[in-house]
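Trainee: Structure in structure tokens, see below.
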Amino acid sequence: MTATLSDLVVVSNRLPIDVSVAADGSMTYRRSPGGLVAALQPVLSARSGAWIGWPGAPDFSFEPVRLDGILSIPVALTAEDIADYYEGFSNATLWPLYHDVITQPEYHREWHEAYRTVNAKFAEAAASSAAEGGTVWVHDYQLQLAPSMIKQLRPDVKVGFFNHIPFPPEALFAQLPWRREILMGLLGADLIGFQRAQDAGNFRSCVRRLTGLATRGHQILVRESDGSVRDVLSAAFPISIDSAAVDARARLPRVQARAREIRSELGNPDRILFGVDRLDYTKGIAHRLKAYEELLRERRLKVPGVVMVQVASPSRVGVSAYQTLRDDVETTVGRIAGDFGSLGSPAIHYLHQNQDADEMAALYLAADVMLVTALRDGMNLVAKEYVASRVDGRGALVLSEFAGAADELRHALLVNPHDIDGLKASILRAAAMTPKEQRRRMQALRRRVIENDVSRWASSFLDTLARR
Ligand code: G6P
């Protein structure tokens, strides 16, 4: 066991810090941006907390480092681990399987083997970092075997698991050759959290049909090897953002000035349509572009009155489905730009780059219509960030009913992104929405996002786990 034991240990594929190495080998550490680490920071630092994760590069490690009260403990992965566990089993098997098989999942025994080995590495690191009777909170689909591995190594600790992505219906999950092992891996946890009630329900029906274990309401009754029965609770805990921080940033004079500047740099159009996503096939970027292109072709939207901005942050570039998606999106963007723009008045601005938090806030403030057209999404925090940024009560949110956020954000214009005519009608409706209707809807949306922020989400999960 390591010298410092932690009462609360978070385990996720990625560490919450960015490490840069200078030419002389010295390292500097910076907390990564993002709501999850911000939300967990106070509780982790109060409980001498640790975070176990991969530093994001091959064969890279360092001594555990404490930053803002969180001890980051790296799990080093080899290039082969990354290819098989991360790009392979996590992102070319589980990711498409859990997102409605939008692209075909690939099933490879070597990938599964690597997934098991890497999950064991994370589990061992967690087991040797947790204090007696402490809590270990495992995150997301990359680590579904870790809960039972941790429980086996350390029966004294409480184990929680939260799945950030959807959990598929049994008819799809049943394809997975290792379906029973994954379910039993998760069932090592005392509490299993999902984004939507629908995901928790899918999980319980998979458990009933594929493991033969009984469920009672939200509980699953797990028979242990000694014959005793342990009950595991599964429930929905919809994640959120650091709403107050997003709201505060949008009020900064420099951000408001930048939003005005963006508007004028875009030629002061009547309507700015905006999309921002990781470049992922689950986000429905192609559907959104198709709807926009048809509206331009039919002259129901006209340049320069309207302009679209699409920010696509680079993601999982080593996985072939992401390379194909990039080619498809960029072909369509090129066609839209070529067919409908003119010098000085482009129809679309496309950025395949990460934007910093100020620029994002300014873009949200400048966007008259926010397009979230995911084909399947665990939650979609962009929708919540847009709402929290609209301190002026303006703007219109077009939101896919297949994003978890649709359960809460009922005052958005909800769309089925597969229905291109329906999507086009909603885009036109959003673009024509009166300021009064924008305010009415945005007020209701803001109430929801401000009330249910990420720290409330974290404490509700941890309090429920503590009561187990
Ligand atoms: C989703 C997943 C996260 C993941 C993130 C970025 O939100 O739920 O677990 O970290 O995408 O993907 P990446 O593969 O770059 O970590």
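Trainee: What spacing in nm lies between the two simple spin-label points modelled at Arg260 and Lys436, each 7 Å away from Cα in the Cβ direction?
Mentor: Going by the 7 Å Cα→Cβ label model, 2.8 nm.
Trainee: What shape does segment 243-452 have by the C-alpha gyration tensor, where a ≥ b ≥ c are the square roots of the eigenvalues, rounded means a/c under 1.5, and otherwise prolate means a/b greater than b/c and oblate the rest?
Mentor: rounded
Trainee: Here's another thing I want to ask about it. May I ask you to list the lysines whose Cα is less than 24 Å away from that of Lys151, ignoring any residue fewer than eight positions away on the same chain?
Mentor: List returned: Lys121.
Trainee: Same structure again: Any chance you could give the angle, 0 to 90 degrees and rounded to 10, that helix 435-451 forms with the longest Cα principal axis of the chain?
Mentor: 10 degrees
Trainee: Further, regarding this structure: Roughly how far apart, in whole Å, are the Cα centres of segment 296-348 and segment 4-35?
Mentor: 35 Å
Trainee: Does anyone have the angle between helix 253-265 and the longest principal axis of the chain? Alpha-carbon axes, 0 to 90°, nearest 10?
Mentor: 50 degrees
Trainee: Related question: Reachable lysines from Lys283, Cα under 30 Å, same-chain residues fewer than 8 places away excluded?
Mentor: Excluding near neighbours in sequence, the set is Lys302, Lys384, Lys424, Lys436.
Trainee: Another question, then. Quote to one decimal, in nm, the extra length available between Arg326 and Glu451 on full extension: 0.36 nm per residue of separation minus the C-alpha distance between them. Spell out each step's value before the answer.
Mentor: Values: separation 125, 0.36 × 125 = 45.00 nm, distance 3.66 nm.
Additional length available on full extension: 41.3 nm.
Trainee: Next up: Tell me which residues come under 5 Å, amide H to amide H, from Ser313 once H is placed; ignore anything under 5 positions away on its chain.
Mentor: Under 5 Å from the amide H of Ser313 lie the amide H atoms of Asp277, Arg278, Leu279, each far enough along the sequence or on another chain.
Trainee: For the chain, find the longest principal axis of its Cα atoms and tell me its angle to the long axis of helix 197-211, 0 to 90°, nearest 10.
Mentor: 40 degrees
Trainee: Please compute the length gained on full extension between Leu221 and Ala22, using 0.36 nm multiplied by the number of residues separating them and subtracting their Cα-Cα distance.
Mentor: Computed gain between Leu221 and Ala22 is 66.4 nm.
Trainee: Taking the alpha carbon gyration tensor of the chain, what are the square roots of 5 times its eigenvalues, largest first, to the nearest whole Å?
Mentor: Equivalent ellipsoid semi-axes, largest first: 39, 24, 22 Å.
Trainee: Please list the non-local residues whose amide H lies under 5 Å from the amide H of Ser48, H modeled 1.01 Å from N, same-chain partners needing a gap of 5 or more.
Mentor: Those qualifying (amide H under 5 Å, at least 5 residues apart or on another chain) number zero.
Trainee: Something else: Take peptides 420-432, 251-263 and line them up by average Cβ neighbours within 10 Å, highest first, as a rough protection proxy.
Mentor: 420-432, 251-263
Trainee: Let me ask you something else. Can you compute the helix-only [θ] at 222 nm over the chain? Use -39500 (n - 2.57) per DSSP H run of at least 4 residues, normalise by all residues, nearest 500 deg cm²/dmol.
Mentor: Details: 16 runs with 187 residues, N = 468.
Per the formula, -12500 deg cm²/dmol.
A short reminder: the numbers here are calculations on the coordinates, not readings from a lab. As the structure is a prediction and not an experimental result, all values here were calculated from the model. Note that each Cβ is placed from the backbone with ideal geometry, even for glycine, and that neighbours are counted across all protein chains shown.
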